[in-house]
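One structure below.
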Amino acid sequence: MKTIRFKILTTALTVLAYSCCSEPRRYPLREVDKLMIPYQIGDIVRYVDDKGLPVTLVATEILDKWVPGEDDELTGNLRDLTEHRTVVLRSENEEILCIGVSGRKRGAEGSVRVWGLGLHFNFWIIYDSKGGFIVDTQYNYEHFVRKFLTYDSVLINNLFYYDVAMHEERGFVRLDSDLIYYNKTHGVLQLRENEKKLFTLDTVIFAGAR
């Protein structure tokens, strides 16, 4: 009986000590993560839309914040905090393109997230712990396939871009296809939906030296 009480007391004290002293794990952004987004405040990015009309975006905001994760089931304390960065590019008509990265466990894969411009889909560009794009990674789901490829060079709008990543999502039932080309020097190079070139990069005017 004394042994059982001792074990209960020991467990309770351990939980109490852990509850009082434990700090949430932090996953900060590293320099390699920040370098995955080339845009800085004041950069001007010009695209051509599917009708051939110009769309000009300006990098207006860089938002850094810590996002809480889940609570520990045993103690109820916050388990981890992850640092996120979002760069916002905005047009005169309030069209918005957002590019985001997050902190991660050391050695884990990272991702560049791209969304906005009125598109109904989001994109991910997967990279390794050294900032190299992931090659030939493919995920099959019930209704669609998600594919990540890399290219030494890609010809877009009569210009060659180097070290390019591609993310494609293609449905099995509706046969929809969404695709992005991206690199670390110029950012979003092209966005496609069902083979239609929704936005194609024309030029980037950097506000300062890189």
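The values are calculated or read from the model by the stated rules, or taken from the named source; none is laboratory data. Since the structure is predicted, the reported quantities are computational estimates derived from the model, not experimental observations. Neighbour counts are summed over all protein chains in view; Cβ atoms, including those assigned to glycine, are modelled from backbone coordinates with ideal geometry. Just so you know, the surface numbers come from the protein's heavy atoms only, side chains and all, with ligands and any DNA or RNA stripped out. Shrake-Rupley method; radii C 1.70, N 1.55, O 1.52, S 1.80 Å.
Taking the residues in the stretch 108-131 that are closer than 20 Å to Thr150 by Cβ, in a loop (DSSP other than H, G, I, E, B) and without any contact (Cβ under 8 Å) to a residue 60 or more places away in the chain as candidates, determine which candidate is least open to solvent (accessible area, probe 1.4 Å). Spell out the reasoning first.
Residues of the stretch 108-131 closer than 20 Å to Thr150 by Cβ: 108-114, 122-131.
Checking which are in a loop (DSSP other than H, G, I, E, B) leaves us with 108-109, 122, 128-131.
Then keep just the ones that are without any contact (Cβ under 8 Å) to a residue 60 or more places away in the chain; that gives 108-109, 122, 128.
Numbers: Ala108: 35, Glu109: 107, Asn122: 80, Asp128: 56 Å².
Here the answer is Ala108.
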Exercise for review: Please state which of the following conditions Arg104 fails to meet, knowing it meets all the rest: (1) over 20 Å from Tyr47 (Cβ atoms); (2) outside any loop (DSSP other than H, G, I, E, B).
Suggested key: (2)
Study note, to complete from the structure: The residue from Leu149, Leu159, Leu189 that alone is touching a Leu at 6+ places or on another chain (Cβ under 7 Å) and either surrounded by fewer than 16 Cβ atoms within 10 Å (Cβ to Cβ) or of a type in the set (A, V, I, L, M) (or both) is Leu189
Check your understanding: Val135: of a type in the set (Val, Ile, Thr), part of a strand (DSSP E or B) and in contact (Cβ under 8 Å) with a residue 12 or more places away in the chain, yes or no?
Key -> no
Exercise for review: Among what's in the stretch 36-90 and is among the aliphatic types (A, V, I, L, M), under 20 Å from Trp115 (Cα atoms) and loosely packed, with under 13 Cβ neighbours inside 10 Å, pick the residue that is modelled with the highest pLDDT.
Suggested key: Leu63
